[in-house]
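Heads up: the structure comes next, in structure tokens.
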Amino acid sequence: MKDYDEVVKTRYDKDDFSSSGILKNQYSIINNIGSRGVHKKFDVLRTFIKEIINYSNKSFDGFSICDCGCGTGNISRICAEILGTPKNVYGFEFSQNRLNYCKAMNNNINYKFGNIVNDFPFSNTFDAVLCFDVLSHIRKESDIIASLKNLYNHTNVGGGYSGLK
């Protein structure tokens with residue numbers, strides 16, 4: 001089995017984001033056939049974020065979200081739409097090709113290069129940390145544990161918690 005680094009390099013760094021390639025990309029939001037039910041995912045995501053905001057008693061303006069392994073940025077962009085601003089939306093991606101695409105689609109979202117296992121690119125904590133289709137690519141148990149710790153340590157839990165050992 002390939003580990004996370006190999007999967008990214010062999011699969012995602014070869015995506016074609018040219019004008020003709022984006023229509024064939026199965027992860028493209030504008031490809032209704034190949035988007036794997038992305039519109040339903042967005043409806044669920046909207047409900048999820050609204051519930052977290054209601055539960056946390058925060059305003060949409062003060063709510064922060066990090067999209068870990070943001071891929072083509074579809075989730076990050078819908079989060080910015082839900083919040084009404086990209087200023088509190090962050091995303092990171094291990095594929096430089098996909099990260100470049102994210103920045104081209106919306107350079108107002110705080111996108112960075114990073115690896116969920118050992119190179120979490122943000123030092124701050126977030127009200128919501130999202131991680132779709134990322135953990136399934138990690139094969140080593142120690143890397144999975146490190147990733148989960150990173151997710152936990154960057155989520156606001158009682159003001160943030162970094163005591164996980």
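Within the stretch 147-157, one or more residues are in contact with a helix residue (DSSP H, G or I) (Cβ under 9 Å, 6 or more places away or on another chain), assigned to a loop (DSSP other than H, G, I, E, B) and in contact (Cβ under 8 Å) with a residue 24 or more places away in the chain.
Of all residues in the stretch 81-99 being aliphatic (A, V, I, L, M) and surrounded by 21 or more Cβ atoms within 10 Å (Cβ to Cβ), which is nearest to I53 (Cα to Cα)? By that ranking, first place goes to V89. Of the residues N54, N108, the single one that is exposed (fewer than 14 other Cβ atoms within 10 Å of the Cβ), without any contact (Cβ under 8 Å) to a residue 40 or more places away in the chain and touching a Pro at 6+ places or on another chain (Cβ under 6 Å) is N108.
Of the residues making up the stretch 91-104, those that are over 18 Å from L148 (Cα atoms) and in contact with a Ser or Thr (Cβ under 8 Å, 6 or more places away or on another chain) are R98, Y101, C102.
Hey, can you tell me all the residues within the stretch 38-72 that are of a type in the set (A, V, I, L, M, F, W, C), over 21 Å from L151 (Cβ atoms) and in a loop (DSSP other than H, G, I, E, B)? Scanning the stretch 38-72 gives a single hit, F60. Consider the stretch 125-151 and keep the residues that are of a type in the set (S, T, Y) and at pLDDT 90 or above. The one that is surrounded by the fewest Cβ atoms within 10 Å (Cβ to Cβ) is S142.
The values are calculated or read from the model by the stated rules, or taken from the named source; none is laboratory data. Everything numeric in this text was worked out from a predicted model, so none of it was measured. All Cβ positions, glycine included, derive from the backbone under ideal geometry; neighbour counts span all protein chains shown.
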